[in-house]
């Protein structure tokens, strides 16, 4: 099914209206309401919302749902004026970053992780999704798993909390995890489609550590990898859909070095540019990276050594060069390793 901006916007507004009604009624969502909530896909790529609260007009085809969205935010009794403005600002800021993961990819990650635990006759005790959206990766958890999910956007966080009654959901940034006093402070599996961009993250613990930790907090995607690895139990699995800059950017070598020195690289898969076309109508480069924590490694595998390196390639006889790309994606690949028993 091809992406329709109007259909996505209408579904989002219906989901928000449903979530607000359920919260006002102070009850759990019904199965029918959860179906409506599950169709929420965020505002990634819907640039029309940038005109909310401005003198600029929106195109006629989306004017009605945007007006309804404004009315919902304005009438919601739990928001004061400052909160309403914060919600609008949050919607606008999500246009460039809120791209929801297609179900088929989540299903593939889920199968791989579940197989690892079942093959080793182990129980997944704890699971964390640090940038949850509406909980796309929460199905990775297994029966008996204690699940936690963080979502910074307040509207999305409201929908998340109503969709997953059994999970502990927190409407706050991942960087606040130490302040939440959760029952568990480390996790067997951490999986998510993480945010990207040159946004600093104000995590006092990471800045206090200095060095590589402080450097990682200067860009949000680097921060998510390092922070998540620090919270992962030994032998646990980290699975992130991440921007290609993690693997390809020369300046991010320090993050790649940290990752392969603290974990085994299990999967490095370059995803198609069109991955988010169906959910957000936008082309963006991303990778699926899966690691298994292994803190006391003696050596790096050939694949891990390749993962540290980036290069440019010639694309024609005139000497035109490509952008930097990670060698794990440009050179013939060694055999993929299997995950080993969780340590």
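No lab work stands behind these numbers, since they all come straight from the coordinates. Since we're looking at a predicted model, the values are computed, not measured. Neighbour counts run over all protein chains shown; Cβ positions are idealised from the backbone, glycine included.
Structural remarks
- Direction-averaged projected area, Cα convex hull, segment 132-229: 6.2 nm², rounded to one decimal.
- Zero-based 10 Å bins, Cα pair distances in segment 160-288, whole percents: 11, 40, 37, 12, 0
- Nearest-ten-degree value, helix 60-75 long axis tilted from longest Cα axis of the chain: 80 degrees
- Between 0 and 90 degrees, the angle of helix 103-119 with respect to the longest Cα principal axis of the chain falls at about 50 degrees.
- Normalised convex hull volume, segment 103-330, alpha-carbon set, Å³ per residue: 140 Å³
- Label zone at residue 273, where the point sits 7 Å out along the Cα-to-Cβ direction: segment 96-117 residues whose backbone N lies under 20 Å: 96-102
- Helix 5-25 and the long axis of the chain differ in direction by around 70°, with both axes built from C-alpha atoms.
- Residue-averaged [θ]222 nm for the chain, counting only DSSP H segments that reach four residues, each worth -39500 (n - 2.57): -11500 deg cm²/dmol
- Separation between Cα centres of segment 160-199 and segment 79-156, rounded to whole Å: 8 Å
- Alpha carbon convex hull of segment 1-97, volume per residue in cubic angstrom: 106 Å³
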